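Q: Before I ask anything, here is the structure I am working with.
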Amino acid sequence: MTRALVVFESLFGDARTIAEAIADGLSPRIPVDVVAAAEAPADVASDVRLLVVGGPNHAFSMPRQSTREGAIQQYGARIADTSRGLHEWLEAVRFDGSDTLAAAFDTRSDHPKLLVKMDHAAKTEEKLLRGHGLAIVAPAEHFYVTDTKGPLADGEEGRARRWGAALAEMVAADVSR
């Protein structure tokens with residue numbers, strides 16, 4: 001049986017909430033596991049048909065050790081190991097199967113508009129996924145927070161559930177070909 005895997009990094013909890021909502025949307029059609037990048041498997045098994053990855057925009061891209069340390073110092077983030085996150089996982093992960101589909105998401109502020117255009121976390125996630133030879137099943141999705149430490153903007157959790165359901169439909173359509 002095929003399944004989905006959602007791997008996330010979250011500095012203040014919003015990306016975790018989005019990852020769990022995406023999994024809720026996927027789960028009626030495909031079994032799904034949700035795991036933080038720091039605990040994600042080093043090898044993605046061949047039964048994983050869909051890999052969804054995501055995390056926050058932090059300093060205009062994916063978090064890295066220095067920006068995680070900054071989040072702790074500036075905002076009191078609780079991060080057990082600043083050296084391990086989604087970027088590091090995506091660089092090191094291995095895939096047992098070659099037909100895994102992928103999708104990416106990020107969380108970001110919706111203001112100021114000029115800075116929002118410079119946020120590239122999901123773009124970098126997609127680049128790393130393609131580097132593993134994975135097919136991107138849908139364009140990256142962006143979910144909005146109201147401030148650095150959140151909370152999510154109104155309606156974003158529901159939108160993440162609907163996106164998860166849409167991803168499940170795409171995977172089902174791909175499998176039936």
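Q: Please name all residue pairs, on different chains or six or more residues apart, with Cβ atoms under 7 Å, provided the first residue is in the range 1-24 and is without any contact (Cβ under 8 Å) to a residue 40 or more places away in the chain and the second residue is of a type in the set (A, V, I, L, M, F, W, C) and assigned to a helix (DSSP H, G or I).
A: none
Conditions tested, residue by residue: (1) among the basic types (Lys, Arg); (2) within 14 Å of Leu128 (Cα to Cα); (3) touching a Ser or Thr at 6+ places or on another chain (Cβ under 8 Å).
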{"residue": "Val53", "(1), (2), (3)": "no, yes, no"}
{"residue": "Gln65", "(1), (2), (3)": "no, no, yes"}
{"residue": "Ala77", "(1), (2), (3)": "no, no, no"}
{"residue": "Ala80", "(1), (2), (3)": "no, no, no"}
{"residue": "Val93", "(1), (2), (3)": "no, yes, no"}
{"residue": "Phe105", "(1), (2), (3)": "no, yes, no"}
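Q: Moving on to the next point. State all residues of the range 34-46 that are at pLDDT 95 or above and either surrounded by 14 or more Cβ atoms within 10 Å (Cβ to Cβ) or not aliphatic (A, V, I, L, M) (or both); if no residue qualifies, say none.
A: Result: Val34, Val35, Ala36, Ala37, Ala38, Glu39, Ala40, Pro41, Asp43, Val44.
Q: Looking only at the range 148-162, count how many residues are surrounded by 15 or more Cβ atoms within 10 Å (Cβ to Cβ) and on the phi > 0 side of the Ramachandran plot.
A: 1
Q: Please go through the range 47-73 and pick out each residue that is open to solvent by 30 Å² or more (accessible area, probe 1.4 Å) and either more than 18 Å from Ala121 (Cβ to Cβ) or among the acidic types (Asp, Glu) (or both).
A: Asp47, Glu69, Ile72, Gln73
Q: Something else about it: Within the range 9-37, which residues are within 22 Å of Val171 (Cα to Cα) and part of a strand (DSSP E or B)? Talk me through it step by step, then tell me what you get.
A: Step one: filter the range 9-37 for residues within 22 Å of Val171 (Cα to Cα), giving 18-35.
Correct list: Val32, Asp33, Val34, Val35.
Q: Follow-up question, since we're still on this one. Output the number of residues of the range 136-147 satisfying the condition of being open to solvent by 50 Å² or more (accessible area, probe 1.4 Å) and either more than 21 Å from Gly164 (Cβ to Cβ) or over 11 Å from the mean Cα position of the chain (by Cα) (or both).
A: Quick first cut of the range 136-147, residues open to solvent by 50 Å² or more (accessible area, probe 1.4 Å) only: 139, 142, 144, 146-147.
Now drop any that are not either more than 21 Å from Gly164 (Cβ to Cβ) or over 11 Å from the mean Cα position of the chain (by Cα) (or both), which leaves 139, 144, 146-147.
Selection size over the range 136-147: 4.
Q: Has the range 79-87 got at least one residue that is more than 21 Å from Ile22 (Cα to Cα) and in contact (Cβ under 8 Å) with a residue 60 or more places away in the chain?
A: yes
Q: Please go through the range 74-100 and give me each residue that is part of a loop (DSSP other than H, G, I, E, B) and either at pLDDT 90 or above or under 20 Å from Ala15 (Cα atoms) (or both), ordered by number.
A: First, the residues of the range 74-100 that are part of a loop (DSSP other than H, G, I, E, B): 76-85, 93, 96-100.
Passing the criteria: Gly76, Ala77, Arg78, Ile79, Ala80, Asp81, Thr82, Ser83, Arg84, Gly85, Val93, Thr100.
Q: Something else: Taking the condition touching a residue at least 12 places away in the same chain (Cβ under 8 Å), open to solvent by less than 60 Å² (accessible area, probe 1.4 Å) and closer than 20 Å to Leu11 by Cβ, does Ala165 pass?
A: Against the criterion (touching a residue at least 12 places away in the same chain (Cβ under 8 Å), open to solvent by less than 60 Å² (accessible area, probe 1.4 Å) and closer than 20 Å to Leu11 by Cβ), Ala165 does not qualify.
The values are calculated or read from the model by the stated rules, or taken from the named source; none is laboratory data. Values in this document were obtained by computation on a predicted structure and should not be read as measured data. Neighbour counts run over all protein chains shown; Cβ positions are idealised from the backbone, glycine included. Calculation scope for accessible area: heavy atoms of the full protein, side chains included, ligands and nucleic acids excluded. Shrake-Rupley method; radii C 1.70, N 1.55, O 1.52, S 1.80 Å.
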